[in-house]
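The values are calculated or read from the model by the stated rules, or taken from the named source; none is laboratory data. These numbers come from a predicted model, not from an experiment. Glycine gets a Cβ as well: all are built from the backbone with ideal geometry, and neighbour counts include every protein chain shown.
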Amino acid sequence: MAAGEAIAMIETLPALEAPEAWCASLEQAGAVFEAGAVVSYVDAVAELAEARAAGVLADLSHFGLICVEGPEAQKFLGSLFTGEVKQVTPGQGQFTSWCDGKGRMLATFWLFIRGDAYYLLLPKTQMATTVARLKQFLLRTKAGISDASANLVRLGLSGAELGERLASILGAALPVVRGETVELGGCTFLSLPAAGQPRWLALGPADLMQALWGDTVKSARPVGKAAWDLLDILAGVPMLLPETSGEFIPQMLDLEALGGLSFKKGCYPGQEVVARLQYRGQLKRRMYSASVAADSPPEPGTKLYGTGTSESVGMVLSAATQEPGRSAVLAVVVIEQRTAGGAIRVGSPEGPALEFADVEPLAGA
């Protein structure tokens, strides 16, 4: 039986005709929505523990999709992004970024190909600004840009056993190398940085994703946005939000290790600044993995303070609840302050201290 036929036979959820129907189906499964995102399936605390230890699946409606297509799409994107877009193929995606003229990243995102088009996966809160800015650069380029969020459903999948079950259903193994992509049964799968277990992005038309959900929910627990955010942070994925857009240069967030920063490609906005730091400068800030005692996660953009100074020595890039009373954090900190060994505090010089991980963020691994 072909992979597409196997998927089509699974009919656990009602037929879907629109994104609204998809959301209605999730509500039937117990999803609790807030601001258009699934925050949990009743027991958020249990979901956090399950996400780190077992197979889970998450609706990723809080991420949007930008479609760029046309005969000059590759050339257009290559002239803007920090990664080598020529290396993005139907079998290989890329986590990369777009900088302003000062070398500060405006957005980070997954870039991949589906069919004849390029797609950018990024937080929905970044969508409107990013689409508008991209269109400003089009001019006479033979390419089109559109918001494709309503056209393809997005799911996050995590867990080795879940991957094996999907492989048996689809008739082929899921990709394992970071950024590797494959199309199976009309759905696109992209291998994401692991957070203790292998993870994938899956996307496709609503009817096929309905079938995919119907099968995976038998061997994985549905989780909300908070649990998936936690996995992204534990994996060291530096996803920018409006609060942190324009704050960092690519090297601060290890974009080269992630494969999203090339020093051999042609020009792009901010390239001179980025290259000067690489060849003549010294990196003064970088991203670290940490945790902090907190009833709720610190907001992205929250300032950090070192010992003996009232000036900020860093910023929270992203944070998510790890367990009750503690949050996982990706933080960008002045390297000298970090190596000096003093406390780095969140929000104020008297705020709770970060506890840094023994290992660096995993996304570059």
Exercise for the section: Those residues that are in contact with a Pro (Cβ under 8 Å, 6 or more places away or on another chain) and either in a helix (DSSP H, G or I) or more than 18 Å from ALA173 (Cα to Cα) (or both), I need them from segment 188-209; list them, please. Expected result: ALA206
Completion exercise
Of all strands (runs of 3 or more DSSP E) fully inside segment 29-102, the set with 2 or more residues that are modelled with pLDDT of 90 or more is 56-59, 63-69, 94-99
Practice task
Go through SER191, SER149 for me and flag whichever is under 17 Å from the mean Cα position of the chain (by Cα), surrounded by fewer than 20 Cβ atoms within 10 Å (Cβ to Cβ) and assigned by TED's automatic domain parsing to the domain that holds ASP100.
Solution key: SER149
Fill in the blank from the handout: The residue that is nearest to ARG178 (Cα to Cα), considering only those in segment 219-278 that are over 20 Å from the mean Cα position of the chain (by Cα) and aliphatic (A, V, I, L, M), is ALA220
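Looking at segment 300-312, which of the residues that are in a loop (DSSP other than H, G, I, E, B) and in contact with a strand residue (DSSP E or B) (Cβ under 7 Å, 6 or more places away or on another chain) is surrounded by the fewest Cβ atoms within 10 Å (Cβ to Cβ)? Walk me through how you get there before you give the answer.
Here is the first cut: in segment 300-312, the residues in a loop (DSSP other than H, G, I, E, B) are 300-302, 306-311.
With the extra rule that they be in contact with a strand residue (DSSP E or B) (Cβ under 7 Å, 6 or more places away or on another chain), the set shrinks to 300-302, 306.
Working: PRO300: 19, GLY301: 15, THR302: 21, GLY306: 21.
Among those that are in a loop (DSSP other than H, G, I, E, B) and in contact with a strand residue (DSSP E or B) (Cβ under 7 Å, 6 or more places away or on another chain), it is GLY301.
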Handout entry: When residues of segment 35-54 are limited to those that are touching a Ser or Thr at 6+ places or on another chain (Cβ under 9 Å) and surrounded by fewer than 14 Cβ atoms within 10 Å (Cβ to Cβ), the one farthest from TRP213 (Cα to Cα)
Key = VAL45
Exercise for the section: Would you check if PRO324 is out of contact with any Pro (no Cβ under 6 Å at 6 or more places or on another chain) and within 15 Å of LEU253 (Cα to Cα)? Expected result: no
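Looking at GLY186, GLY204, can you tell me which residue is more than 17 Å from MET239 (Cβ to Cβ), in contact with a helix residue (DSSP H, G or I) (Cβ under 8 Å, 6 or more places away or on another chain) and surrounded by fewer than 21 Cβ atoms within 10 Å (Cβ to Cβ)?
Values: GLY204 fails: surrounded by fewer than 21 Cβ atoms within 10 Å (Cβ to Cβ).
Result of the check over GLY186, GLY204: GLY186.
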Practice task
Name the single residue, out of those in segment 88-97 being in contact with a Gly (Cβ under 9 Å, 6 or more places away or on another chain) and of a type outside the set (Val, Ile, Thr), that is nearest to GLY246 (Cα to Cα).
Solution key: SER97
